[in-house]
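Okay, structure first, notes after.
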Amino acid sequence: MKILLVHNYYQFKGGEDKVVQQEMSLLQEQGHDVYLYSVHNDQIKEQGKLKKVRTALESTWSLTEYRTIKKLLMDMKPDLVHVHNFFPLISPSIFYACNKVGIPVVQTLHNYRLLCPTATFLKDNKVCEECLTESLLRSVKHGCYRNSQLQSLAVASMIKVNQIIGTWNYKVDKYIVLTEFAKKKFQQGGLPVRSLAVKPNFLKKNREFNYEMIKSDRPIPEDYILFVGRFSVEKGVANLIAAWNMLDRNHKLKLLLIGEGPEEDNIKKIADPQSVLFLGTKSTKDVLSYMKHAKYLSVPSTCYEGCPLTIIEALSVGTPVICSQIGALAEIIEPGVTGFHHCYNDPTELKKVLEEAIKYPFYMKLRENAQNQFTAHYTEDVNYDQLIKIYHDVLKENEYEKLLKV
């Protein structure tokens, strides 16, 4: 099968970018002819003010990208196009280019951009669904996107205009959502249930790394709990530090944090340097090693996450997860089986759960369950079967629709 992947890279590298590379590699290894069309948001930084205004307007529908992609499709003639992120440079015009040339298109919804300008359903560090239940104009009033009413208006317009002209409902053959929770949200937002297929992210294993779970007959390094991710408000790192500061120090554990981000300086100000260590960014192999030897991975997010690769990586090495009981996180991690839940945005509750988790008597069973969960749901083989079934279903439906038009 000849497949064109499409992705608009963000300025800061994230999980979506890694998923694109993993899926591309997976498909190529399975013998498919795979190409990537991509643009990068770095080019926005080099634009003058007038060009930035034009870019904001074209995020709704870019004629330039429409023509570029249409020509690419006519020259390449792929069997299928799989879009990961179109915002803001590629724009929804890609769906019209595919439709014009008669090529079916799949879109992975890594976040909630089609329903919320910030893509996270987050306002003032709390879950907010006003754009879903009331009006997108609420985001403009609050200046949700980058704290700017003008920029919020541009993104809200992109969502609403394409909703009105039928882009979301009629120009995409199939949406891939990462969890059942996400499926329900998009269904609530107006996407037809027939167009939604659930397929989580997966982990393409590093062949140089030993994923064997640490067994009970070997020393278990129980000297730290780990956080891996971006130091930003919605990731809840400040709440984790606050909870950590309340713990009785008799446990002798340390808190290790891998990552960087805009909140790093603020977080360091409230962290105890004796028990909280900031490790900066690490390679994937190093992150896996830290995860493998951690007692728990902490995911204290205050927003609706997609399907975090950090959780999948932790499960792959048998490390249980302590996460916020919010959105898809509550779906992915089962309390008392693969980890524990705590109320989101509540350091006191998180402190209590950390105490319970540290003393949990059936800890080794959690590790065993975690790795079993990974094997059942997040391996390359399982994910490839799910992805190729979605592709084949879309191609069959497309052929059937062509026959109806004859």
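Rounded to whole Å, give me the distance from the Cα center of region 309-338 to that of region 123-177.
29 Å
What does the C-alpha gyration tensor say about the overall shape of region 224-377? Classify as rounded when a/c is under 1.5, otherwise prolate if a/b is larger than b/c, or oblate.
rounded
Arranged from highest to lowest average of other beta-carbon atoms within 10 Å per residue, in what order do the peptides 333-340, 354-361, 20-27 appear?
In descending order of packing, they fall as 333-340, 20-27, 354-361.
Specify the angular offset, from 0 to 90 degrees and rounded to the nearest 10, of the alpha carbon long axis of helix 347-358 from the longest principal axis of the alpha carbons in the chain.
60 degrees
What length, rounded to one decimal in nm, is gained on full extension from Asp124 through to Lys396, with 0.36 nm per residue of separation minus their alpha-carbon distance?
Length gained, Asp124 through Lys396: 93.4 nm.
Among DSSP bridges having both ends in the chain, what percentage is antiparallel? Round to the nearest 5.
The antiparallel fraction comes to roughly 5 percent.
Give me a comma-separated list of calculated 3J(HN,Hα) values for region 360-368, in order, Karplus coefficients 6.51, -1.76, 1.60 applied at θ = phi - 60°, integers in Hz, x for any Gly or Pro.
Taking θ as phi minus 60°, the curve returns 4, x, 10, 4, 5, 5, 4, 5, 5 Hz for region 360-368.
How much length is gained on full extension from Ser135 to Lys77, taking 0.36 nm per residue of separation minus their Cα-Cα distance?
That works out to 16.9 nm of additional length.
How tilted is helix 49-58 with respect to the longest principal axis of the chain? Cα atoms for both, answer in degrees (0 to 90, nearest 10).
80 degrees
Between Asp272 and Thr375, what is the spin-label point distance in nm, taking each point 7 Å from the Cα along the Cα→C-beta axis?
3.9 nm
Can you give me the relative contact order of region 224-377 as a percent, contacts being Cα pairs under 8 Å and 6 or more apart?
The normalised contact order for region 224-377 reaches 24 percent.
Give me the three principal axis extents of the chain from the C-alpha atoms, as integers in angstrom, largest value leading.
Principal-axis extents of the chain (Cα, largest first): 72, 47, 37 Å.
What's the exposure ranking of Leu132, Leu240, going from fewest to most Cβ atoms within 10 Å?
Leu132, Leu240
Could you tell me the distance between the Cα centroids of region 22-94 and region 339-370, to the nearest Å?
42 Å
Kindly write out, for region 91-97 in residue order, the coupling ³J(HN,Hα) from the Karplus curve 6.51 cos²θ - 1.76 cosθ + 1.60 (θ = phi - 60°), rounded to whole Hz, with x marking Gly and Pro.
Result, rounded to whole Hz: 6, x, 4, 4, 5, 6, 5.
Find the relative contact order for region 80-210 and round it to a whole percent, using C-alpha pairs within less than 8 Å whose residues are 6+ positions apart.
With pairs under 8 Å counted, the relative contact order is 22 percent.
Can you tell me how much longer the chain between Thr284 and Glu260 gets when fully stretched, taken as 0.36 nm per residue apart minus their C-alpha distance, in nm with one decimal?
Fully extending the segment from Thr284 to Glu260 adds 7.2 nm.
Write down the percent of antiparallel bridges among all DSSP beta bridges whose residues are both part of region 276-376, to the nearest 5.
Within region 276-376, antiparallel bridges account for around 0 percent of the total.
Where a number appears in this text, it was derived from the coordinates with a stated rule and is not lab data. Keep in mind it's a predicted model, so treat the numbers as computed, not measured. FYI the Cβ positions are ideal-geometry reconstructions off the backbone, even for glycines, and counts take in every protein chain you see.
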